[in-house]
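The values are calculated or read from the model by the stated rules, or taken from the named source; none is laboratory data. Just so it is clear, the model here is predicted, and its values are computed rather than measured. Here the Cβ positions follow ideal geometry from the backbone for every residue, glycine too, while neighbour counts run over all protein chains shown. When the accessible area is computed, the model is the full protein with side chains, heavy atoms only, and any ligands, DNA or RNA have been set aside. Shrake-Rupley method; radii C 1.70, N 1.55, O 1.52, S 1.80 Å.
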Amino acid sequence: MSTEEPVFAISNLDFYYGEKRALSNINMEIMPRKVTALIGPSGCGKSTYLRCLNRMNDTISGTHVEGEIRLYGENIYAPSTDVVELRQRVGMVFQTPNPFPQSIFDNVAFGPRVLGLSENKIALEETVEQSLRKAALWNDVKDDLKQGAMGLSLGQQQRLCIARVIAVQPEVILMDESTSALDPIATGHIEDLIAELKKEYTIIIVTHNMQQAARVSDSTGLFWLGELIEFAPTKELFTRPKEELTEAYITGRMG
């Protein structure tokens, strides 16, 4: 058993869009420097849950949360929480690559500039280079960082978005279906990258692709109609599921 403190401890989490309860009684611990995969059919609450972890759902009016989400012991929904700082610590990569219509350099430098993380030009250049290296994009773009980000391939754009998240020194990286818009080769690059990044970061991915969850994650949770049906080490969940619904889903009989 690990004696490490969980990064996230989620207890009795309910989430509402207006009167409609979208998540019901979610309990989960996310351990450091592991990949946690969230699987389940469309509309079952995976992305909603992911967005609870950095309060991205706050941007949707009429939503509210009950229960607790603690990041290293601190309740992220406490009135005193600085949401900007939370989103720096818990970065997010979206389903479709969303680079800014600026240069590659300015995309990666954006966060450090806004947050004042680099004290001078040399430090900023170092941050940009290190972030692009960690996102396995440096060798592709190092000769022309002034080129527009929109000229990159989709796979490169997604790695650029990962570099942009890394540049603000997060502790956790959330990835919401971040390979679903990519071809198999670009998807393979991102999966390799996830394996590298987990040496330094805690990663939580939402994926429709069960093979991907099996390949890249340490733990997997199955969501179904807003409930967490089962959460276990990935190998165990796929080979010896405890719940009938889990077995039915992973064998393709349901969902």
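With respect to the conditions (1) out of contact with any Phe, Trp or Tyr (no Cβ under 9 Å at 6 or more places or on another chain); (2) open to solvent by 10 Å² or more (accessible area, probe 1.4 Å), Ala22 falls short on a single one, namely (1).
Mind checking which strands (runs of 3 or more DSSP E) fall wholly inside segment 144-238 and carry at least 2 residues that are open to solvent by 30 Å² or more (accessible area, probe 1.4 Å), free of Cβ contacts under 8 Å to residues at least 12 places away in the same chain and of a type in the set (A, V, I, L, M, F, W, C)?
Numbers: elements: 172-176, 202-206, 219-224, 227-233.
No strands (runs of 3 or more DSSP E) qualify here.
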